[in-house]
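Read the structure below first, then the notes.
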Amino acid sequence: MYVTENEGIWTTRGPGKEYKLTGTVRPGDRLEFISERKEYYQVIKPNGQEAWIPKKYIQAEKSYRYQVEELTRENAELKYKLDNIDSENARELREKKKELDQLKVAHAALEKEQQSQVEELKEARALKADLDAQLKTREQEMQIRWWKNGALIAGAGAIIGVILVYLPRPRRKRDDYY
């Protein structure tokens with residue numbers, strides 16, 4: 001509950017004019033509702049004291065004077081923000097450009113690194129192809145060597161076999177003593 005626009009509203013100790021005055025409340029003050037009796041509300045004032053105030057000086061929403069003051073303050077804040085939005089946007093734009101420049105530098109470095117890796121990959125593939133060719137040549141040379149060695153062994157075995165056939169056999173001595 002809020003105090004209406006009237007100024008200098010007196011509060012009392014009870015619900016009526018016959019009770020002692022306890023002070024005043026200002027227009028726009030926020031009051032906490034406790035109870036109601038006759039044409040009075042029992043409330044808690046902003047300073048924490050309980051008091052009674054006539055219903056005709058109480059309203060559910062803030063007074064228009066305070067609403068206008070709040071709206072004027074909000075309007076001033078919004079105008080300030082609007083006036084400074086260009087500078088804020090310019091600042092954000094500068095920050096984004098700075099970030100973009102940093103990203104461009106990082107991108108260029110990554111592209112350079114990628115190019116060097118591509119070159120290394122090409123070199124590695126060429127080396128692999130060369131080593132594969134050398135390996136294939138060595139395998140063929142080994143096969144030829146094995147065939148030559150096998151042929152030499154087979155030839156030597158054949159020559160030894162022929163020689164052994166034509167060698168005279170030793171004769172056995174006979175023991176005919178009996």
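The values are calculated or read from the model by the stated rules, or taken from the named source; none is laboratory data. It should be emphasised that the depicted structure is a prediction, and the values quoted were computed from it without experimental measurement. So basically every Cβ, Gly included, is an ideal-geometry build from the backbone, and we count neighbours across all protein chains shown.
A few remarks follow.
- Residues of segment 140-178 satisfying the condition of being acidic (D, E) and either surrounded by 10 or more Cβ atoms within 10 Å (Cβ to Cβ) or at pLDDT 95 or above (or both): E141
- Matching option when the condition is out of contact with any Asp or Glu (no Cβ under 6 Å at 6 or more places or on another chain), surrounded by 10 or more Cβ atoms within 10 Å (Cβ to Cβ) and under 30 Å from R26 (Cβ atoms), among K97, K79: K79
- Some residue of segment 61-71 being small (G, A, S), surrounded by 13 or more Cβ atoms within 10 Å (Cβ to Cβ) and touching a Gly at 6+ places or on another chain (Cβ under 6 Å): yes
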